[in-house]
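In what follows, a structure is listed as structure tokens, so that the remarks can point back to it.
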Amino acid sequence: MEIFHDFSHLFPDDMKQELLRAEDDGIGFAIIDSVPVFYRGVLPGEKCVLLVSFLSSERVLCDMYVSALEAALSGTDIVSIGDRGGMLSVIRGAEDGEGRIHMVISEGMRSYERNYGWKLRKILLTGGSVISPLLWGRDEGLARGIALSLSSSAIMAAGGKRLPGTHPLIAAIDMGLDAAVLRSSLTEESMRNIVREGCPVVGSYSSFVDYPQAIAYPSENGYYGFHGSRFGIMRMQWD
């Protein structure tokens, strides 16, 4: 009973039976950046790139897929934030690139299993993990903080005229992470304002890192595809 042995003091007495059932079902427990979390899968062993968009335009979703694909093919683990189950574009990119994705969800683990079991299975098959600060309920703030603590860099897109100070992109910049705005999100005033204040702009993951190992390019006969767009991959070797 690992949870009770080491961490039972963190939970109220009326949760003990629920915790026992979770442990029996194979849900793991850990502490990430001083926050107790529940997880399935294998937690990241090193810092990851955070890929997340709060926009749903076709262009942005496609660029998120390409970023996840390039990161995965480069051997970089991916973190994303699953406010609504998680971005399928990022999950698909990680899958196609045979890389690992770690989805930090804002809803409880039990709710996610019930509502997004098919996404859970996809994520676990990459060798990654699904992580939540809760078994039931919802906490977007905690989930976003956990995702940031697992990341060394971030590519994001968001909408609106102005980003609140609590937005993950603002938090990433304040934490000193290497953060960038996705070029296709510059249709949003908030993104243009952040760029005017000095945040870099990138087209995808390969233009974010100094020495990318994989660069995606549009190709009608490309091996990789998402939402009707096809891509080829140029492999890079650096001395």
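The values are calculated or read from the model by the stated rules, or taken from the named source; none is laboratory data. No experiment lies behind these values; they were computed from the predicted model shown. Don't worry about glycine lacking a Cβ; one is built from the backbone with ideal geometry, like all the others, and counts go over all protein chains shown. For the accessible areas, the whole protein counts, side chains as well, though only heavy atoms, and no ligand, DNA or RNA atoms are used. Shrake-Rupley method; radii C 1.70, N 1.55, O 1.52, S 1.80 Å.
For the stretch 35-72, enumerate the residues that are basic (Lys, Arg) and assigned to a loop (DSSP other than H, G, I, E, B).
Correct list: 47 only.
Within the stretch 149-165, can you find the residues that are touching a residue at least 60 places away in the same chain (Cβ under 8 Å) and open to solvent by 10 Å² or more (accessible area, probe 1.4 Å)? Answer for the stretch 149-165, where residues must be touching a residue at least 60 places away in the same chain (Cβ under 8 Å) and open to solvent by 10 Å² or more (accessible area, probe 1.4 Å): 149, 150, 152, 153, 159. When 25, 77, 83 are checked against the criterion of being acidic (Asp, Glu) and at pLDDT 95 or above, a single residue qualifies: 77. Out of 90, 79, 104, 49, which single residue is open to solvent by less than 10 Å² (accessible area, probe 1.4 Å) and in contact with a Cys (Cβ under 6 Å, 6 or more places away or on another chain)? Just one listed residue meets the conditions, 79. Selection within the stretch 14-34: residues that are in a loop (DSSP other than H, G, I, E, B) and of a type outside the set (Val, Ile, Thr). The member of this set that is least open to solvent (accessible area, probe 1.4 Å) is 26. Please go through the stretch 122-143 and pick out each residue that is in a loop (DSSP other than H, G, I, E, B) and either free of Cβ contacts under 8 Å to residues at least 24 places away in the same chain or open to solvent by 20 Å² or more (accessible area, probe 1.4 Å) (or both). Scanning the stretch 122-143 gives 126, 127, 134, 136, 137, 139.
Against the conditions (1) open to solvent by 10 Å² or more (accessible area, probe 1.4 Å); (2) under 12 Å from the mean Cα position of the chain (by Cα); (3) among the hydroxyl-bearing types (Ser, Thr, Tyr), residue 56 satisfies every one except (2).
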